[in-house]
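I have placed the structure first, in the form of structure tokens, so that the comments after it can refer back to it.
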């Protein structure tokens, strides 16, 4: 329970961070943010304190969720600092603004995900809004790739899941039904491939969807700092999470395959294989 409460407080801090750091005077918006933060806190506390989670995956397979949360928290903090609009800007804020501007221009090349996201910005948007979107998108996309790289390194070093702990399939994959039909290893590999493909394509598809949706709904207000922060965070970290999930599912499928081979070898040594 103490760990679950600590994670719930971190979720609240993450959600209220843009509201507390950006100069936006909107009492209704602040109330909505608090409601969402409380809902997220209750959900997190229940998922981490219950004997078995309902939808949260890899709860007992650290550091899968930890590095995802840390990367998202850092990205939201940097974007909030860049878009704070505080006239008494600090040295740290100036450094982050310069960093975001540099990274944004670095990754803003033809057909890049950042360039495609800029194309989703309304044509009549002021130049400072375009600059803010470029900076936020560049730094968020770069940070979203860091947990993927770290997780690949952990997988390659065979440090995930931890060898000192058993991997509980039911707890860590509560949404996966191994009795739904078909071989479990094949289904895990198939789901892994789907997640990897979506994780690669979504940074390119989301801007196109946003652009196409303007024909039927009101365009996203990129000039609002909070809207910009959460839109860019969704655009960058949903694909990153899918990539990590695809890698993790592939690793779980490999573990099951290896265990099967060992079981078959042990059975063959005892002469117990079926004819």
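A few points about this structure:
- Filtering region 163-177 for residues that are more than 18 Å from residue 64 (Cα to Cα), surrounded by fewer than 14 Cβ atoms within 10 Å (Cβ to Cβ) and either touching a strand residue (DSSP E or B) at 6+ places or on another chain (Cβ under 8 Å) or without any contact (Cβ under 8 Å) to a residue 24 or more places away in the chain (or both) leaves a non-empty set.
- Members of region 120-132 found to be out of contact with any helix residue (DSSP H, G or I) (no Cβ under 6 Å at 6 or more places or on another chain) and either touching a residue at least 40 places away in the same chain (Cβ under 8 Å) or exposed (fewer than 11 other Cβ atoms within 10 Å of the Cβ) (or both), listed by number: 122, 123, 124, 125, 126, 127, 128, 129, 132
- Some residue of region 35-50 being out of contact with any strand residue (DSSP E or B) (no Cβ under 6 Å at 6 or more places or on another chain), under 24 Å from residue 143 (Cα atoms), in a helix (DSSP H, G or I) and in the same structural domain as residue 255 (by TED's automatic domain parsing): no
- Residue among 258, 197, 232 that is in a helix (DSSP H, G or I), assigned by TED's automatic domain parsing to the domain that holds residue 133 and at pLDDT 95 or above: 197
- Restricting region 79-96 to residues that are in contact with a helix residue (DSSP H, G or I) (Cβ under 8 Å, 6 or more places away or on another chain) and assigned to a helix (DSSP H, G or I), the residue that is modelled with the lowest pLDDT is 93.
- Verdict on residue 114 being within 22 Å of residue 219 (Cα to Cα), crowded, with 20+ Cβ neighbours inside 10 Å and modelled with pLDDT of 80 or more: yes
The values are calculated or read from the model by the stated rules, or taken from the named source; none is laboratory data. Here the structure is a predicted model, which means the values were calculated and not measured. Note that we place each Cβ from the backbone using ideal geometry, even for glycine, and neighbour counts take in every protein chain shown.
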